[in-house]
């Protein structure tokens, strides 16, 4: 993880043509899909700057649509992701916004909606070589990359949430590599992001959810 | 004893002290740092080779146009000339200037870029834009010399060691340092791998890699319409030709006076001094010509070097 591996050089194995505009786009959408953890009825994508300008020629749209259907960067189904989405009855819409300036040139917003109306928006950046970072969840600024096992706790910005979550993790012997807190405003909605080198088993989630200040949980397993 | 290294000099010392080729040191490093077994590394390398095999061969039987239509079918045209290498010169349909091995390697390298541009599966080596050089060389030579899969893996391991040093101590991103950092790096990796596979010493591998970096110093990244198609595909062909040439020089005992680590540093400094227009912005070089602009926008839409 913390060294350059042989397979960082001879790799990644990926659907072309571009590590940033294709593989990176898959990785952002795949994270959005993993975070959502629900069936997707409708997906909206807004592509900015370089993604908007050269995305069509790089298949960025197919990559994004593949990612939210759970396809990885080396999945040959990406080329046919429109047809596969159509067959599954998935609604999708792309906005190619080449006017708005964003912090990073390869930026996309992804809005996912489940059949029962649950909505999640994320903003992702493709920062080169297929590597990415998520910089917003539901309009709150965050930063994580999905390189580590990542637990995201949406909660009320009130005392005790961090203590509760770290206690559960500590009880199960999970070593926290990184931990950060974000919120929209004082007393509003917060996001606690915990990254770990080891896997964070699903059954911890129920214990974390027992705290009434916890609104929602997302987990990305490496 | 640790097999980790951070410079060419350290890698060379590990080879000398242990009497090992570069590939074996790189394998040791991967096993050590990844806390994995040799078998798991070889299983992943086997997968890399499978994907490479498919990507060098597919476009020869079934050429596909790229998303933009700028490329598609070139590999087959070159391969056709290689396929008639046994035909007497006077009866050839087209010239075979490069000989069988190089012609086939060029065809294969261009095939991978066709697969890449048509949203097929490739192994970035070290990047998607330079993904044809290494498999083009290793797989064509493997066919000609009948190399085992294990030997082909040694080629990838050797190339991986050189590529790692370029990635760690310079960059392999065209946006940072131009095409010299992508095809230049791939060519250096491949030159070194070919030397080892042909029986050369670690010393010769470094000489070949230094020569390969030196020959492509300053190569700019100027993709038409910002797409990984033109001039990327033919640059992969020159990456292979340069690798073969430098491997031949090194195997013949020719040396480059500047050590590999200094060439890595030189490549990085040259790259950083390239203007922004020549680092993957699709504004300069081929992309900045009136024709490049027309191919990108249908007309010269402004923003290019000639607007």
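Computed from the coordinates by the stated procedures, all read-outs in this text should not be read as laboratory data. On a predicted model such as this, the values are computed, not experimentally measured, just so you know. Cβ sites come from the backbone with ideal geometry, for glycine too, and all protein chains shown count toward neighbours.
The mean number of Cβ atoms from other chains found within 10 Å of a Cβ in peptide B:220-227 is 3, as a whole number.
Considering chain A at the alpha-carbon level, its Rg and Dmax are found to be 17.6, 50 Å. Extension gain for residue A:80 to residue A:93 (0.36 nm times residue separation, less C-alpha to C-alpha distance): 3.1 nm. Label-to-label distance, residue B:145 versus residue A:186, with points set 7 angstrom from Cα along the beta-carbon direction: 7.1 nm. On the principal axes of its alpha-carbon atoms, the protein assembly as shown has extents of 82, 60, 42 Å, going from largest to smallest. Model label sites at residue A:118 and residue A:210, defined 7 Å from Cα along the beta-carbon direction, differ in position by 2.2 nm. Estimated from the Cβ-Cβ distance and a Förster radius of 45 angstrom, the FRET efficiency linking residue B:97 and residue B:2 is about 0.45.
Peptide B:104-111 is shielded by partner chain Cβ atoms: per residue, an average of 0 of them sit within 10 Å of its Cβ.
Each of A:125, A:195 was scored by other Cβ atoms within 10 Å of its Cβ. Arranged with the fewest first, they read A:195, A:125. Between A:127, A:168, A:147, the residue with the greatest mean-square fluctuation in the GNM of chain A (Cα pairs under 10 Å linked by springs) is A:168. In this label model, residue B:40 and residue A:140 are separated by 3.5 nm, measuring between points 7 Å along each Cα→Cβ vector.
Rounded to the nearest 10 degrees, the inclination of helix A:161-171 to the longest alpha-carbon principal axis of chain A is 90 degrees.
So how tilted is helix B:38-61 from the main axis of chain B? Cα-based, degrees 0 to 90, rounded to 10. So the helix axis and the longest Cα principal axis differ by about 30 degrees. Roughly what angle does helix B:232-251 make with the longest principal axis of chain B, taking Cα atoms, 0 to 90 degrees, to the nearest 10? Result, in degrees: 30. Put in order of Cβ neighbour count within 10 Å, fewest first, the listed residues B:189, B:1 become B:1, B:189. Subtracting the Cα-Cα distance of residue B:62 and residue B:50 from their residue separation scaled by 0.36 nm leaves 2.5 nm. Among B:49, B:67, B:251, determine the one that fluctuates most according to a GNM of chain B built with springs between C-alpha atoms less than 10 Å apart. Ranking B:49, B:67, B:251 by mean-square fluctuation puts B:67 first. The three principal axes of the Cα atoms in region B:8-274 give end-to-end lengths of 52, 42, 37 Å, sorted in falling order.
Report, as an integer, the average count of C-beta atoms from other chains found within 10 Å of each Cβ along A:74-83.
That average works out to 2.
Exposure proxy ranking for A:48, B:108, B:12, B:145, based on other Cβ atoms within 10 angstrom of each Cβ and starting from the fewest, stands as B:145, B:12, A:48, B:108.
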